[in-house]
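**Q** If you scroll down you'll find the structure; I have some questions about it.
The values are calculated or read from the model by the stated rules, or taken from the named source; none is laboratory data. The structure presented is a predicted model; accordingly, all values stated were derived computationally and were not measured. With ideal geometry, Cβ positions are generated from the backbone for all residues, glycine too; neighbour counts draw on all protein chains shown. Note: accessible area is taken over every heavy atom of the protein model, side chains too, but ligands, DNA and RNA are not part of it. Shrake-Rupley method; radii C 1.70, N 1.55, O 1.52, S 1.80 Å.
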Amino acid sequence: MNLRRRLRARKSDTPSSSESLSRVVPAVLPQILLEALSDTSLVVTVNGDKLAATPITRSEIAATVTELVTRFGAPTRVEVRELDGSIRADILTPPAPQPRSPFAPPETAGAPVSVPSLLEFKAEGFVPGEDVAVAIVVRHSSADHTGNARALIDRGEKPALSSGEVILLGRISGTTSIQTID
């Protein structure tokens, strides 16, 4: 008897409020795969493609998975493969969108202007007027047995300016200055 009532309610022309709020589940769920490389680092693969050139730490798992599931906007299969061969899997749903407050500023309002926080780096030994390249060190690489080095950079990766190194390189003189960001 209850089953028939539910079927009739679903077949009605006007959807109930709970049906209109239900999420659409895609035929194939997006998949996030986290594979352990060591006790502290994992490689993230999204739908078969590696997310970044460098692994993430275990402390970054929650933020990474939350961002990806929210970006997909649909239920997502998350699988963690540990070094001992164990596998943990779950299906996570994105958080429901929060209703907009009537007191919130209109969305067309311009973003607040942020005041730049400048860092200064100085070095000597350059030719007067020469072009000096400024580079932020994203990561380090090692040369192989023939002296060749290879660097892979993820186009979506944003370098962190809170720590690391800055390189000043003279294009004519070859003068190089490597300084740490404090």
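**Q** Within the range 152-167, take every residue that is touching a residue at least 40 places away in the same chain (Cβ under 8 Å) and closer than 16 Å to LEU118 by Cα and give me the one that is most open to solvent (accessible area, probe 1.4 Å). First the steps, then the outcome.
**A** Going residue by residue through the range 152-167, those that are touching a residue at least 40 places away in the same chain (Cβ under 8 Å) are 152-154, 156-157, 161, 166.
Remaining after also requiring closer than 16 Å to LEU118 by Cα: 161, 166.
On the way: LEU161: 99, VAL166: 10 Å².
The qualifying residue most open to solvent (accessible area, probe 1.4 Å) is LEU161.
**Q** Ok, one more. Enumerate the strands (runs of 3 or more DSSP E) found wholly within the range 41-151, keeping only those where 1 or more residues are open to solvent by less than 60 Å² (accessible area, probe 1.4 Å) and in contact with a Leu (Cβ under 7 Å, 6 or more places away or on another chain).
**A** Filter on the range 41-151 gives 41-46, 76-81, 132-136.
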